[in-house]
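To start, the structure itself, in structure tokens.
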Amino acid sequence: MAKLVAFYSRADENYFGGAYKYITVGNTEKIAKVIAEKTGAKLFKIEQKVPYAADYNTCIEQAKKDKNAGARPELVAMLPSIDEYDEIYLGYPNYWGTMPMAVYTFLEAYNFTGKKIHPFCTHEGSGLSATENDIRKAAREANVTNGLAIHGSSVDSATSIIEKWL
């Protein structure tokens, strides 16, 4: 069976341990590419049809509003099926102690019975929070493994940590 790396990532202005910095490739996407390279997995980017603002502070307010509303944003694209995948690496930034709501849209669209989900997230201090349990609730029949949390500000030097986790 094949492997999939499904991830939500955001470029534009990001927060890095006390400072704001504009990036062209999101931190979670960088990890996703390393995982795909090391495992031979196919990449799938989870993207909202209406993206959050490029400005960091506006983005986090939008994300917080969506979280509080339990929103399920429409996605740009969906996979026709996940039947061919037995292992799914699921990546996301930690937004307000959970995953971005678009990741819930993705998870709730498929049947994960018999699938293994390996969560990984980027953060600036909150780690995985309760995201492993959030995934278990959204993808009830999946086997969710222990996740990997990497500070977004250290993603560029995290290849050995990713390899060890894999």
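The values are calculated or read from the model by the stated rules, or taken from the named source; none is laboratory data. All values derive from a computational prediction rather than experimental measurement. Don't worry about glycine lacking a Cβ; one is built from the backbone with ideal geometry, like all the others, and counts go over all protein chains shown. The accessibility values were calculated without ligands, DNA or RNA, using every heavy atom of the protein model including side chains. Shrake-Rupley method; radii C 1.70, N 1.55, O 1.52, S 1.80 Å.
A few points about this structure:
- Residues that are in contact with a helix residue (DSSP H, G or I) (Cβ under 7 Å, 6 or more places away or on another chain) and either acidic (Asp, Glu) or part of a loop (DSSP other than H, G, I, E, B) (or both) were ranked within segment 97-130; the one that is farthest from ALA19 (Cα to Cα) is GLU108.
- Annotation for segment 92-102: no member residue is open to solvent by 40 Å² or more (accessible area, probe 1.4 Å), modelled with pLDDT under 95 and more than 23 Å from LYS49 (Cα to Cα).
- Check on VAL50, modelled with pLDDT of 95 or more and loosely packed, with under 13 Cβ neighbours inside 10 Å: yes
- Residue list for segment 143-158, restricted to those being surrounded by fewer than 21 Cβ atoms within 10 Å (Cβ to Cβ) and either in contact with a Cys (Cβ under 8 Å, 6 or more places away or on another chain) or of a type in the set (Ser, Thr, Tyr) (or both): THR145, GLY147, ALA149, SER153, SER154, SER157
- Residue in segment 65-83 that is on the phi > 0 side of the Ramachandran plot and in a loop (DSSP other than H, G, I, E, B) present: yes
- LYS164 vs. criteria within 17 Å of the chain's Cα centre (by Cα), open to solvent by 30 Å² or more (accessible area, probe 1.4 Å) and basic (Lys, Arg): no
- If you check GLU37, GLU13, GLU29, GLU61 for being open to solvent by 10 Å² or more (accessible area, probe 1.4 Å) and outside any helix (DSSP H, G or I), only one passes: GLU13.
- Taking the criterion of being of a type in the set (Phe, Trp, Tyr) and within 12 Å of the chain's Cα centre (by Cα), the residues of segment 104-139 that qualify are TYR104, PHE106, PHE120.
- Complete set of residues in segment 1-27 that are polar (S, T, N, Q) and in contact with a helix residue (DSSP H, G or I) (Cβ under 8 Å, 6 or more places away or on another chain): SER9, ASN14, ASN27
- Within segment 131-154, the set of residues being closer than 26 Å to ALA19 by Cα and of a type in the set (Val, Ile, Thr) comprises THR131, ILE150.
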